[in-house]
Amino acid sequence: ASEREEKVIYHVSDSINASNALRNARNHLAQSPKAKIVFVTHGMGIDFLIDGATDKDGNPYDITVQELAARHVEFRVCNNTLIGRKIDRSKLLPEASIVPSGVAEVSRLQIQENFAYLKP
């Protein structure tokens, strides 16, 4: 039997969970190097993908985001959130991509692309 591709959504709706989510993704890839991980962010969950953002200890998120992006982890940001919170897309890290709706993207990935769902 061939191994099924491991595809996982990391759903971040509050950046207070971002450090854990990033650490989980790093640990996940250590165990399953070929796993396809997509972070889907909306609401306050996009904050760690804003340029200059730091965790509660003042450590910047961008280094970890870059490291994970180099390992093909994707970071998707809800456009509805950007509009609602009046955040210009130019403020996002270059690793972030925009999707029309974060919640719709979570649903689409599960139903149409057979992604597993994790809420770190």
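Return yes or no: is THR81 free of Cβ contacts under 8 Å to residues at least 60 places away in the same chain, open to solvent by less than 50 Å² (accessible area, probe 1.4 Å) and not in a loop (DSSP other than H, G, I, E, B)? Spell out how you get there, then give the answer.
Working: free of Cβ contacts under 8 Å to residues at least 60 places away in the same chain: yes; open to solvent by less than 50 Å² (accessible area, probe 1.4 Å): yes; not in a loop (DSSP other than H, G, I, E, B): yes.
Yes; evaluated as a whole, the condition is true for this residue.
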Taking region 89-115 as the search range and keeping residues that are touching a strand residue (DSSP E or B) at 6+ places or on another chain (Cβ under 8 Å) and of a type in the set (Lys, Arg), which one is surrounded by the most Cβ atoms within 10 Å (Cβ to Cβ)? LYS91
I'd like to verify a number: residues in region 4-27 that are among the aromatic types (Phe, Trp, Tyr) and surrounded by fewer than 15 Cβ atoms within 10 Å (Cβ to Cβ), how many? 0
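Out of THR41, THR54, I need the residue that is of a type in the set (Ser, Thr, Tyr) and under 18 Å from GLU74 (Cβ atoms). Which one?
Values: THR54 fails: under 18 Å from GLU74 (Cβ atoms).
It is THR41.
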Specify which of the listed residues (LYS91, LYS36) is under 19 Å from LYS119 (Cβ atoms) and not polar (S, T, N, Q). LYS36
In this structure, does ILE98 turn out to be in a loop (DSSP other than H, G, I, E, B) and either over 16 Å from ASN24 (Cα atoms) or more than 13 Å from the chain's Cα centre (by Cα) (or both)? no
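Of all the residues that make up region 31-77, how many are assigned to a helix (DSSP H, G or I), aliphatic (A, V, I, L, M) and surrounded by 15 or more Cβ atoms within 10 Å (Cβ to Cβ)? Steps first, please.
To start, the set of residues in region 31-77 that are assigned to a helix (DSSP H, G or I) comprises 31, 47-49, 62-69.
So of that shortlist, the ones also aliphatic (A, V, I, L, M) come out as 49, 63, 65, 68-69.
Now restrict to residues that are surrounded by 15 or more Cβ atoms within 10 Å (Cβ to Cβ): 49, 65, 68-69.
Here the count works out to 4.
Residue under question is ILE87, and the condition is that it be in a loop (DSSP other than H, G, I, E, B) and β-branched (Val, Ile, Thr); does it hold?
On the way: in a loop (DSSP other than H, G, I, E, B): yes; β-branched (Val, Ile, Thr): yes.
Yes: the conditions hold for ILE87.
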Here the residues within region 1-30 that are assigned to a strand (DSSP E or B) and without any contact (Cβ under 8 Å) to a residue 12 or more places away in the chain are none
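The values are calculated or read from the model by the stated rules, or taken from the named source; none is laboratory data. Since we're looking at a predicted model, the values are computed, not measured. FYI the Cβ positions are ideal-geometry reconstructions off the backbone, even for glycines, and counts take in every protein chain you see. Heavy atoms of the whole protein, side chains included, go into the accessibility calculation; ligands, DNA and RNA do not. Shrake-Rupley method; radii C 1.70, N 1.55, O 1.52, S 1.80 Å.
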